[in-house]
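I have placed the structure first, in the form of structure tokens, so that the comments after it can refer back to it.
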4 protein chains.
Amino acid sequence: MASASKFYTVIIGAGGGTGGAVASRFAKAYPVVLLARTAATYEGTVSAINAAGGRAVGVVADAGDRASLDAAFAAIAEQLPGHQLAAAIYNASGGLQPKPFVEVDPQVLEASIDVNIRGFFNFAQKTLPLLEASVPTSPHPPSLLVTGATASVKGSARFATFAAGKWAKRALTQSIAREYGPKGVHVAHAVIDGVITGPRTEAYTGVNGGAPDGKISADSIAETYWSLHTQHRSGFTWEVDIRPYVEKW
Amino acid sequence: MASASKFYTVIIGAGGGTGGAVASRFAKAYPVVLLARTAATYEGTVSAINAAGGRAVGVVADAGDRASLDAAFAAIAEQLPGHQLAAAIYNASGGLQPKPFVEVDPQVLEASIDVNIRGFFNFAQKTLPLLEASVPTSPHPPSLLVTGATASVKGSARFATFAAGKWAKRALTQSIAREYGPKGVHVAHAVIDGVITGPRTEAYTGVNGGAPDGKISADSIAETYWSLHTQHRSGFTWEVDIRPYVEKW
Amino acid sequence: MASASKFYTVIIGAGGGTGGAVASRFAKAYPVVLLARTAATYEGTVSAINAAGGRAVGVVADAGDRASLDAAFAAIAEQLPGHQLAAAIYNASGGLQPKPFVEVDPQVLEASIDVNIRGFFNFAQKTLPLLEASVPTSPHPPSLLVTGATASVKGSARFATFAAGKWAKRALTQSIAREYGPKGVHVAHAVIDGVITGPRTEAYTGVNGGAPDGKISADSIAETYWSLHTQHRSGFTWEVDIRPYVEKW
Amino acid sequence: MASASKFYTVIIGAGGGTGGAVASRFAKAYPVVLLARTAATYEGTVSAINAAGGRAVGVVADAGDRASLDAAFAAIAEQLPGHQLAAAIYNASGGLQPKPFVEVDPQVLEASIDVNIRGFFNFAQKTLPLLEASVPTSPHPPSLLVTGATASVKGSARFATFAAGKWAKRALTQSIAREYGPKGVHVAHAVIDGVITGPRTEAYTGVNGGAPDGKISADSIAETYWSLHTQHRSGFTWEVDIRPYVEKW
């Protein structure tokens with residue numbers, strides 16, 4: 001039973017959409033810990049997983065603040081005594097203001113830096129030693145999985161601050177992958193290229209001309225993340241792109 | 001039972017190593033057809049799959065020759081009457097002569113063109129209409145999966161002819177993916193970055209310093225191909241890279 | 001005076017447009033040799049350069065045919081006795097049929113292979129030893145410059161055969177650059193991303209919404225090629241992109 | 001005479017090496033303004049340019065601080081009354097600590113963010129309106145040129161924080177290029193792939209095996225920047241790579 005596993009998964013940025021779906025998917029195998037800046041973000045997913053017989057724990061944390069992250073992992077250690085980390089998933093994002101460049105508020109750049117760069121840096125420094133410690137015994141190679149976007153590989157007009165954060169996060173991920181692969185930790189990055197199903201996008205009915213499955217099913221992303229986590233160490237993937245069949249690219 | 005499925009998989013370049021492993025993996029779900037220029041290439045894999053309770057058929061074919069390919073698919077239609085194509089896998093390769101550029105034999109360039117470009121072009125023109133016809137009924141999105149290499153994305157010194165063929169194959173794959181995605185056919189390319197286990201590489205004991213799992217397990221590649229084939233159409237991946245955890249990149 | 005230089009430039013694919021403009025630009029410094037499959041292609045440019053006080057020679061040659069290329073360079077040696085090669089420019093292209101993939105005539109693929117891959121391979125094998133021999137005495141690092149296109153880096157739907165040839169040509173160029181850079185030969189590739197001025201495109205009045213300078217001036221490409229040729233060996237560029245200020249990319 | 005031009009160039013990160021060489025090159029055409037956090041950084045270059053008959057002005061400024069940048073441009077307006085901006089060059093860098101990822105001091109990440117992201121964002125917001133205003137009258141398309149590095153396109157192990165800043169800066173540059181190209185402002189990025197000559201690297205005698213010209217001449221970089229600045233608007237380059245002929249890549 002998943003809830004009996006001595007390994008757990010931690011996910012940051014785990015509201016509806018991708019984070020929630022990934023939490024539910026990994027909860028089939030492990031207890032999952034959901035981190036968010038406010039409890040309201042994760043409460044629905046935590047309840048749903050527990051109601052379905054899995055085990056989910058929510059902890060308030062701000063990855064941009066190292067003390068907050070330290071406190072969160074201390075809380076995890078109390079809630080899941082004797083557990084080891086099997087997978088850490090960084091799904092937080094932000095810092096978008098689609099305006100002409102000179103009109104972009106510097107605070108939007110700061111927000112992008114905080115969530116995409118500083119927050120991920122802190123989260124990675126915190127989780128990598130835990131993942132490395134799990135290498136000898138984890139059922140699958142311990143994994144650090146990172147959610148990216150089209151803006152991770154393309155700097156479009158009016159997406160400057162968002163792209164800056166996303167490219168930087170991808171750079172960190174790649175650097176870490178090169179250092180931690182040889183230690184047996186699987187670090188991977190997903191370029192999500194499209195609108196994802198979830199509460200925030202329910203109203204977007206015209207995506208890809210309103211085609212059926214024109215939005216990316218969050219569950220399909222979760223399935224791909226699970227495939228990454230379960231890859232054999234002799235065949236690690238560092239990056240996948242994910243997009244609807246009807247997406248122009 | 002896989003052998004009872006009315007859908008089949010066709011694989012070209014199916015000796016030991018990747019092709020054989022992919023054939024065995026897909027044989028868990030579908031009858032598989034193995035194509036090669038000489039029967040000796042596929043015989044071992046065909047026997048093994050049939051012995052294990054799957055269904056495998058070998059057909060001699062040269063993808064560089066359209067008439068040969070036509071004959072092969074006519075033979076398939078006879079052997080698997082009423083079957084539809086669920087997955088086509090292009091795993092053939094060649095055209096490498098690691099010499100100073102001006103010493104490379106023009107025949108090596110021709111070999112690279114034949115197997116990587118002309119052969120793949122013919123195979124794709126042959127299989128895409130069959131895959132498209134399977135869209136409404138196939139258990140998973142019909143898939144055209146293509147095996148690439150490091151040389152698909154990097155033109156190293158002394159790898160000119162090999163890289164030329166590999167880059168061209170990747171270009172064809174990407175063009176086709178953009179055209180056939182919206183039709184519901186999943187076209188994907190794998191950049192295999194490392195030495196693969198198999199009869200041809202058994203003697204290479206020093207790969208990645210002789211590290212355990214320093215060669216890519218062909219079975220792990222097969223598993224990743226299966227993950228690609230079973231992706232939901234709302235979340236197609238066009239490209240994955242696959243490499244051993246210890247590989248420098 | 002340019003016509004008195006003991007170094008020369010050879011350009012293949014030198015009709016109007018890019019080839020002609022590059023020939024005229026390099027003719028300010030060197031005698032230039034224009035190669036094309038039919039004399040009609042280069043005659044106008046040859047006459048114009050000679051009339052302007054430069055020196056230009058036209059030679060019929062088919063790069064896809066090694067014997068034809070051998071004959072052409074024998075003719076060059078007779079016409080420009082004692083001259084050494086300072087720059088070789090490959091500007092030939094072809095193999096486009098913007099149709100659905102399965103309707104593309106295999107002969108179009110063969111045309112793309114011939115001009116983009118086989119022809120360039122032959123041209124490079126022929127010119128690289130000549131360029132290498134010029135390293136100690138050439139006024140600028142001897143250069144092999146190659147014209148690419150958007151299709152060199154992107155496989156768009158309906159551009160499969162064209163992209164296959166272009167990607168392969170770029171792969172060859174990159175492999176050669178890595179081998180010949182250390183010898184002092186500058187190998188560079190230009191991704192031309194837009195419609196170029198010239199006789200063939202004169203009628204296209206709506207390019208980029210008809211904006212002024214919405215087509216790439218062939219002379220501006222020639223100027224960029226000259227900049228590449230005159231780079232110091234301590235600061236070689238392997239690739240530039242070139243596009244109109246108004247181009248979407 | 002350059003010093004009589006009513007257009008000027010501003011360079012940030014203008015000590016010895018690249019910044020100084022670029023300042024000297026652009027000083028042949030325009031008065032140049034050198035910005036740095038301490039006057040000692042630019043004093044030598046300013047004196048040399050003025051002694052050689054050009055015109056150079058040094059202003060203390062910290063691009064990470066918007067008020068400091070505002071003050072600097074107010075000082076420039078006083079020193080060069082009636083002048084317009086022809087070229088802005090961002091050459092500042094930092095944030096490198098080549099250690100195992102978990103040992104990297106968070107302050108190094110903050111330094112990388114400050115100089116590569118926040119500083120460039122501020123500098124671009126300040127200069128783009130000035131460059132845009134120069135479009136109708138500038139002798140060449142007004143240009144924003146940005147210095148990158150290998151770490152702008154590759155996240156190597158132990159270069160995580162540096163790569164994060166560099167990738168982000170490249171993302172900002174690309175977003176801005178897409179927005180400002182159509183306005184006639186030329187935004188370009190240079191990937192400098194090698195060790196550059198200059199006071200800081202004088203002691204590195206073993207670069208590329210000690211080969212002659214094994215370090216990139218800062219003057220050759222300056223020449224390439226000048227080529228970018230003088231490109232016609234119908235043929236803008238967004239990115240060049242620059243490396244010594246002997247560099248492995």
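The values are calculated or read from the model by the stated rules, or taken from the named source; none is laboratory data. Everything numeric here is computed off the predicted structure, so don't read it as measured data. Don't worry about glycine lacking a Cβ; one is built from the backbone with ideal geometry, like all the others, and counts go over all protein chains shown.
Mind telling me which of the residues C:127, C:137, C:173, C:147 ends up being of a type in the set (S, T, N, Q), at the interface with chain B (Cβ under 9 Å from one of its Cβ atoms) and either closer than 23 Å to residue C:31 by Cβ or in a helix (DSSP H, G or I) (or both)?
Result of the check over C:127, C:137, C:173, C:147: C:173.
Using the structure shown, decide if residue C:137 is out of contact with any helix residue (DSSP H, G or I) (no Cβ under 9 Å at 6 or more places or on another chain), closer than 22 Å to residue C:88 by Cα and modelled with pLDDT of 95 or more.
So residue C:137 fits the description; yes.
Yes/no matrix, rows are residues, columns are (1) of a type outside the set (A, V, I, L, M); (2) in contact (Cβ under 8 Å) with a residue 60 or more places away in the chain; (3) farther than 28 Å from residue C:217 by Cα:
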| residue | (1), (2), (3) |
| --- | --- |
| C:31 | yes, no, no |
| C:45 | yes, no, no |
| C:85 | no, yes, no |
| C:118 | yes, no, yes |
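Can residue A:132 be described as touching a helix residue (DSSP H, G or I) at 6+ places or on another chain (Cβ under 9 Å), within 25 Å of residue A:6 (Cβ to Cβ) and surrounded by fewer than 19 Cβ atoms within 10 Å (Cβ to Cβ)?
The answer is yes for residue A:132.
Among residues belonging to the stretch B:28-69 that are among the acidic types (Asp, Glu) and more than 16 Å from the chain's Cα centre (by Cα), point out the one that is nearest to residue B:10 (Cα to Cα).
We begin by selecting, within the stretch B:28-69, every residue among the acidic types (Asp, Glu); these are B:43, B:62, B:65.
Filter once more, so that each one left must be more than 16 Å from the chain's Cα centre (by Cα): B:43, B:65.
On the way: B:43: 15, B:65: 17 Å.
Only one residue fits best here, namely B:43.
So in the stretch B:150-170, with the set limited to residues that are in contact (Cβ under 8 Å) with a residue 24 or more places away in the chain and among the hydroxyl-bearing types (Ser, Thr, Tyr), which one is farthest from the other protein chains (Cβ to nearest Cβ)?
B:150
Can residue B:84 be described as within 25 Å of residue B:177 (Cα to Cα), more than 11 Å from every other protein chain (Cβ to nearest Cβ) and over 14 Å from the mean Cα position of the chain (by Cα)?
Yes, satisfied.
Could you grab me the full set of residues in the stretch D:196-249 that are of a type in the set (Ser, Thr, Tyr), within 30 Å of residue D:183 (Cβ to Cβ), within 7 Å of chain C (Cβ to nearest Cβ) and part of a loop (DSSP other than H, G, I, E, B)?
Within the stretch D:196-249, D:237 is the sole residue that qualifies.
What residue, among those in the stretch D:87-103 that are assigned to a loop (DSSP other than H, G, I, E, B) and touching a residue at least 60 places away in the same chain (Cβ under 8 Å), is surrounded by the fewest Cβ atoms within 10 Å (Cβ to Cβ)?
Among residues in the stretch D:87-103 that are assigned to a loop (DSSP other than H, G, I, E, B) and touching a residue at least 60 places away in the same chain (Cβ under 8 Å), the one surrounded by the fewest Cβ atoms within 10 Å (Cβ to Cβ) is D:98.
Mind telling me which of the residues B:74, B:51, B:36 ends up being at pLDDT 95 or above, exposed (fewer than 15 other Cβ atoms within 10 Å of the Cβ) and under 26 Å from residue B:169 (Cα atoms)? Write out each step before concluding.
Working: B:51 fails: under 26 Å from residue B:169 (Cα atoms); B:36 fails: exposed (fewer than 15 other Cβ atoms within 10 Å of the Cβ).
So the residue among B:74, B:51, B:36 that is at pLDDT 95 or above, exposed (fewer than 15 other Cβ atoms within 10 Å of the Cβ) and under 26 Å from residue B:169 (Cα atoms) is B:74.
Being basic (Lys, Arg), in a helix (DSSP H, G or I) and either surrounded by 24 or more Cβ atoms within 10 Å (Cβ to Cβ) or within 12 Å of chain D (Cβ to nearest Cβ) (or both), is that true of even one residue in the stretch A:104-121? Talk me through it step by step, then tell me what you get.
Filtering the stretch A:104-121 for residues basic (Lys, Arg) gives A:118.
Imposing the further condition that a residue be in a helix (DSSP H, G or I) reduces the set to A:118.
Right, trim to either surrounded by 24 or more Cβ atoms within 10 Å (Cβ to Cβ) or within 12 Å of chain D (Cβ to nearest Cβ) (or both) and you get A:118.
Among the residues of the stretch A:104-121, at least one is basic (Lys, Arg), in a helix (DSSP H, G or I) and either surrounded by 24 or more Cβ atoms within 10 Å (Cβ to Cβ) or within 12 Å of chain D (Cβ to nearest Cβ) (or both), which makes the answer yes.
Every residue, every condition in (1) among the aromatic types (Phe, Trp, Tyr); (2) in contact with a strand residue (DSSP E or B) (Cβ under 6 Å, 6 or more places away or on another chain); (3) under 23 Å from residue B:45 (Cβ atoms), yes or no:
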| position | (1), (2), (3) |
| --- | --- |
| B:61 | no, yes, yes |
| B:70 | no, no, no |
| B:89 | no, yes, yes |
| B:112 | no, no, no |
| B:140 | no, no, yes |
| B:143 | no, yes, yes |
| B:154 | no, no, no |
| B:161 | no, no, no |
| B:164 | no, no, no |
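Checking the conditions here, which among D:181, D:155 is in a helix (DSSP H, G or I), out of contact with any Pro (no Cβ under 6 Å at 6 or more places or on another chain), on the phi < 0 side of the Ramachandran plot and not basic (Lys, Arg)? Give the derivation first.
Details: D:155 fails: in a helix (DSSP H, G or I).
Selected residue: D:181, the only one of D:181, D:155 that is in a helix (DSSP H, G or I), out of contact with any Pro (no Cβ under 6 Å at 6 or more places or on another chain), on the phi < 0 side of the Ramachandran plot and not basic (Lys, Arg).
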